[in-house]
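The values are calculated or read from the model by the stated rules, or taken from the named source; none is laboratory data. Since the model is a prediction, treat every value here as computed from it, not as a measurement. Virtual Cβ from ideal backbone geometry, glycine too; neighbours counted across all protein chains shown.
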Amino acid sequence: MPQYRGAAPINWAVINGEKMSGVTTFMIDKDIDTGGIILREEVRIAPDETAGELHDKLMEVGSELVVQTVEGLIQNNVETRVQRSFIQGGEVLKAAPKLTRELARIDWNDSTSSIYNLIRGLSPYPAAFTELSNGEKPVQMKIYSAEKRYDLHGAPGTVFSDGRTYLAIATADGAVGVKDIQAAGKKRMEVKAFLAGFREPESYRALEGTSKSELERARSL
């Protein structure tokens with residue numbers, strides 16, 4: 001803090017493609033996440049890191065910071081700083097609102113980078129998802145891990161696959177390759193195992209999603 005006040009700061013830092021996160025200890029006041037800051041420590045976000053992986057890193061750093069803070073409080077050796085003193089001149093504070101189902105439903109009209117970060121930021125929970133349809137009952141699919149594919153191009157939502165080793169879905173400027181997925185009612189599995197039981201994947205198309213508009217709304221808060 002003071003960045004990412006709200007319900008889901010770890011998720012939103014990853015969703016927004018931040019390169020740095022961190023932990024903060026602070027005093028409680030009448031508003032949410034606005035109290036005086038005691039200690040802070042930065043933690044770098046790897047470009048392929050998920051929210052779950054970042055959470056585990058922050059938990060370790062945070063536990064040490066809590067011990068330091070408690071020791072300082074016991075010794076009456078703590079100074080607090082108002083949060084606005086950490087805000088640079090034109091810096092815009094980013095919100096971390098509650099994660100919604102609409103945010104998790106992937107809009108393939110968004111960019112490859114934005115969708116890739118959304119998948120990372122919602123993994124492992126609640127997990128970004130899409131629905132694939134070939135004209136029959138849609139198949140809902142949660143995506144836990146993915147990769148950027150700029151070698152594939154098509155109308156957003158187009159499915160690319162060789163039926164054995166890869167499954168990718170077209171975005172506005174490329175595609176996202178699916179690596180770790182879970183179809184509704186099935187176990188979580190790697191894409192090769194999924195394709196072993198999923199016939200004619202290229203006959204499917206990803207249905208329209210809502211994540212892009214939800215991202216725009218959240219970033220306007």
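Quick notes
- Residue within region 84-103 that is surrounded by 22 or more Cβ atoms within 10 Å (Cβ to Cβ) and of a type outside the set (Gly, Ala, Ser) present: yes
- Residues being more than 20 Å from the chain's Cα centre (by Cα), among the aliphatic types (A, V, I, L, M), within 15 Å of ASN109 (Cα to Cα) and assigned to a strand (DSSP E or B) - total across region 149-184: 1
- Within region 82-129, the only residue that satisfies the criterion of being of a type in the set (Phe, Trp, Tyr), under 24 Å from ASP173 (Cβ atoms) and over 14 Å from the mean Cα position of the chain (by Cα) is TRP108.
- Every condition in (1) surrounded by 15 or more Cβ atoms within 10 Å (Cβ to Cβ); (2) over 24 Å from the mean Cα position of the chain (by Cα); (3) not in a loop (DSSP other than H, G, I, E, B) is met by PHE194 except one, and the failing one is (2).
- Single residue of ARG120, ARG149, ARG81 found to be farther than 30 Å from PHE26 by Cβ and not aliphatic (A, V, I, L, M): ARG149
- Residue count for region 108-132 under the criterion of being surrounded by fewer than 20 Cβ atoms within 10 Å (Cβ to Cβ) and under 15 Å from LEU167 (Cβ atoms): the result is 1.
- Criterion (farther than 29 Å from LEU195 by Cβ and touching a Phe, Trp or Tyr at 6+ places or on another chain (Cβ under 9 Å)) met by exactly one of PRO97, PRO156, PRO124: PRO97
- Qualifying position, being in contact (Cβ under 8 Å) with a residue 60 or more places away in the chain and touching a Ser or Thr at 6+ places or on another chain (Cβ under 8 Å), among ALA95, ALA8, ALA104: ALA104
- Output for region 74-117, where each listed residue is part of a loop (DSSP other than H, G, I, E, B) and of a type in the set (Asp, Glu): GLU79, GLU91, ASP107, ASP110
- For ARG120, the test of being at pLDDT below 95, assigned to a helix (DSSP H, G or I) and of a type in the set (Lys, Arg) is failed.
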